[in-house]
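Taking it in order: structure first as C-alpha cells, then the write-up.
The values are calculated or read from the model by the stated rules, or taken from the named source; none is laboratory data. The shown structure was predicted, so the numbers you read here are calculated from the model rather than taken from an experiment. All Cβ positions, glycine included, derive from the backbone under ideal geometry; neighbour counts span all protein chains shown.
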Amino acid sequence: MSVRRWFVAGIAVLVFILGASAVSGYNALVSLDQAVEAQWGQVENVYQRRADLIPNLVETVKGAAAFEKETYVAVAEARSRVGQVSAAAGTGKIADDPQALQRFQQAQDGLSNALSRLMVVVERYPDLKATAAFRDLQAQLEGTENRIAVERMRFNEAAQSFNTRRQSFPTVVVAGLFGARFKEKAFFKAQAGADVAPKVKF
C-alpha cells in the first residue's frame, strides 16, 4: 500500500512539474510575443514619421527648383506603395509572416531609393540646399532614417529573443500545442546590394 502511495505521489509531483513548466513556457512566449509586437509598433512609428515628412520635403523642393517631374512623381508613387502595403499588412500580424514582412521591406526600400534620387537632384541646386526650410527637413529626414535603423535593429533583437525561447525545450512543445499562435518571427534583412561597397567616381 505504501509503495502504491509513493507511486501516486511521484506521478502527482511529475504532473505538477510538467504543468508548471508548460505554464511558465506559455507565459514566457506571451511576454516575448508582446515585446515583438511593441517593437513592431515602434518600427511602424518611425516609418510613419518619414512618410509624414516626405510631402513637405517634396513641396519645398518643387517650390524652389524646377527639376525633373518624374523624380517627385517617383517619390509620390513609392510613398503610395508603402501606404498600400502597410494597409494590407494591418489586417494581420506582419512579424509572424515572412512574406508580408518582405513586401513591407521592399516597399520601404523602394521609397528609400526614390528619396535618394530626389537628394541627388537637389545637389544641382545650391540655392535650395541653402534655404533654412530645406535644411530643417533634410535634418529631420536624416534623423528619422537613423531612428529607423535603430528600431529595426531592436525589432530583430526582440524577434531573436522570441525565436530562441520558442525553439528551446520544453517551450517548443508548448508552442507546438498552440499552432499559429506562436509562429516564429521574421527578421528585417539588409537591402539588396548593401553588402557591396559603393563605387565612388571623381
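Going by the conditions given, is Ala100 surrounded by 15 or more Cβ atoms within 10 Å (Cβ to Cβ), farther than 15 Å from Ala74 by Cα and among the small types (Gly, Ala, Ser)? Give the steps one after another, and end with the answer.
Values: surrounded by 15 or more Cβ atoms within 10 Å (Cβ to Cβ): yes; farther than 15 Å from Ala74 by Cα: yes; among the small types (Gly, Ala, Ser): yes.
For Ala100, the condition - surrounded by 15 or more Cβ atoms within 10 Å (Cβ to Cβ), farther than 15 Å from Ala74 by Cα and among the small types (Gly, Ala, Ser) - is met.
In the stretch 110-152, which residues are of a type in the set (Asp, Glu) and surrounded by fewer than 18 Cβ atoms within 10 Å (Cβ to Cβ)? Step through it out loud before you land on a result.
First, pick out the residues of the stretch 110-152 that are of a type in the set (Asp, Glu): 123, 127, 136, 142, 145, 151.
Listed by number, the residues that qualify are Glu123, Asp127, Asp136, Glu142, Glu145.
Would you be able to tell me the number of residues in the stretch 141-187 that are hydrophobic (A, V, I, L, M, F, W, C), more than 17 Å from Ala35 (Cα to Cα) and assigned to a helix (DSSP H, G or I)?
Final tally of qualifying residues: 8.
Quick check on the stretch 65-93: of everything there that is assigned to a helix (DSSP H, G or I) and hydroxyl-bearing (Ser, Thr, Tyr), which residue is modelled with the highest pLDDT?
The first filter runs over the stretch 65-93 and keeps only residues assigned to a helix (DSSP H, G or I), leaving 69-89.
From the residues that got through so far, the ones that are hydroxyl-bearing (Ser, Thr, Tyr) too are 71-72, 80, 86.
Working: Thr71: 73, Tyr72: 67, Ser80: 83, Ser86: 73.
Residue satisfying both the conditions and the ranking: Ser80.
For the stretch 8-67, name all the residues that are among the aromatic types (Phe, Trp, Tyr), surrounded by 15 or more Cβ atoms within 10 Å (Cβ to Cβ) and either within 24 Å of Ser86 (Cβ to Cβ) or without any contact (Cβ under 8 Å) to a residue 24 or more places away in the chain (or both). Walk me through it before giving the result.
Kept after step one, since they are among the aromatic types (Phe, Trp, Tyr), are these residues of the stretch 8-67: 16, 26, 40, 47, 67.
From the residues that got through so far, the ones that are surrounded by 15 or more Cβ atoms within 10 Å (Cβ to Cβ) too are 26, 40, 47, 67.
Hits for the stretch 8-67 are Trp40, Tyr47.
What tally of residues in the stretch 109-149 results from selecting those that are in contact (Cβ under 8 Å) with a residue 12 or more places away in the chain, within 30 Å of Arg181 (Cα to Cα) and out of contact with any helix residue (DSSP H, G or I) (no Cβ under 6 Å at 6 or more places or on another chain)?
Adding up the residues that qualify gives 1.
Looking only at the stretch 123-141, how many residues end up being closer than 16 Å to Val58 by Cβ and under 29 Å from the mean Cα position of the chain (by Cα)?
7
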